[in-house]
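Each remark here refers to the structure printed beneath this line.
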Amino acid sequence: MTGIYFIANDKTYDLVIAFLNSVRVFEPLLPLCLIPYDSDCDRVADLASAYNFSVWTDDDILRRCDKVSRYFHLNTIGQYRKLAVWEGPFDEFAYIDIDTVLLSRLEFGLRLLKSYDFVTGISNIESIRKFVWKGNVNELMPDLDTEYAANTGFILSKKGALTLSNAERKAQEVVHIKSHMALECTEQPFLNYLIVTSGGRYSSLSHIRSEESRHDLPVEIWGGMFDDDILRLNVPVQLIHWAGKWQDGSHIKSHTWRHFRYLRDGY
């Protein structure tokens, strides 16, 4: 079974509405699963029937994800609950951050899972490396692929490509280099570490499009750079992601985002 995971709580309600409206426009039938960011999730969970999504119920898995977050942060950080997606019900899946709107179907990207175990939206761009790694981490881990440096707000993958047990073990192994991780981006450095040390094949929509001249492949666009000018780009677009410009939606100055936010409240 193929599906979509997302993480949210009630503080991100407006973002969730825009995200869900966009998903149900382009993927009206694909199963959706909400992973609660924390216990403050009742209002978002109440949208389940309107948007036809399930709510994650395995609290033990979520507690284990929370424990992993505490290796790297003083407090529990809900973004580490992304680790649950590899333990969930979907055999193949997309994980999508909710500060995102979908602009095309996921079928092109999901087909890549025949050749890859992990496909992110963006990777192998020098300017975004600082959002994953700091300093010369390769002095400590010379074999670590730090060029990949992917944005982990959009991930296509397969059940079992990572395991939570392995993530728990690797968190203990890598905590000594946390000063070299861009932990202001929470789970992103650790997820990059897990992907590039997984033994699986990994890439991104942007990198495959560039390296293989796949001009039919839709890409992820950062909304903070393009906002509404995105519609003038001569490339197919998978999603707009406002990473770093959100969290409650009030800082998103975009007609595209507002279109989906107010498309229909309870689609």
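The values are calculated or read from the model by the stated rules, or taken from the named source; none is laboratory data. Worth saying up front: this structure is predicted, and the values here are computed from it rather than measured. Here the Cβ positions follow ideal geometry from the backbone for every residue, glycine too, while neighbour counts run over all protein chains shown.
What's the total number of residues in segment 5-18 that are under 15 Å from Pro36 (Cβ atoms), in contact with a helix residue (DSSP H, G or I) (Cβ under 9 Å, 6 or more places away or on another chain) and either without any contact (Cβ under 8 Å) to a residue 40 or more places away in the chain or not in a strand (DSSP E or B) (or both)? So the count comes out to 6. Considering only residues in segment 125-141 that are of a type outside the set (Val, Ile, Thr) and under 23 Å from Trp86 (Cβ atoms), the one that is modelled with the lowest pLDDT turns out to be Met141.
For Leu112, the test of being in contact with a strand residue (DSSP E or B) (Cβ under 7 Å, 6 or more places away or on another chain) and outside any helix (DSSP H, G or I) is failed. Checking each residue in segment 67-122 for being closer than 30 Å to His176 by Cβ and hydrophobic (A, V, I, L, M, F, W, C) picks out Val68, Phe72, Leu74, Ile77, Leu83, Ala84, Val85, Trp86, Phe118, Val119, Ile122.
Taken as a whole, the condition of being in contact with a helix residue (DSSP H, G or I) (Cβ under 9 Å, 6 or more places away or on another chain), of a type outside the set (Val, Ile, Thr) and touching a residue at least 24 places away in the same chain (Cβ under 8 Å) does not apply to Leu110. Looking only at residues in segment 160-185 that are part of a helix (DSSP H, G or I) and touching a residue at least 60 places away in the same chain (Cβ under 8 Å), the one that is nearest to Thr2 (Cα to Cα) is Leu164. Listed by first and then second residue, the pairs with beta-carbon distance under 8 Å, at least 6 apart or on different chains, first residue in segment 49-78 and under 28 Å from Val23 (Cα atoms) and modelled with pLDDT of 95 or more, second of a type in the set (Phe, Trp, Tyr) and not in a loop (DSSP other than H, G, I, E, B), are Cys65/Tyr80; Asp66/Tyr80.
State yes or no: is Ile96 β-branched (Val, Ile, Thr) and touching an Asp or Glu at 6+ places or on another chain (Cβ under 6 Å)? Quick ask: steps written out before the conclusion?
Values: β-branched (Val, Ile, Thr): yes; touching an Asp or Glu at 6+ places or on another chain (Cβ under 6 Å): no.
So Ile96 does not fit the description; no.
Sort out which residues of segment 98-117 are farther than 26 Å from Gly199 by Cβ and buried (at least 19 other Cβ atoms within 10 Å of the Cβ), and write them in order of number.
Answer for segment 98-117, where residues must be farther than 26 Å from Gly199 by Cβ and buried (at least 19 other Cβ atoms within 10 Å of the Cβ): Ile98, Asp99, Thr100, Val101, Leu102, Leu103.
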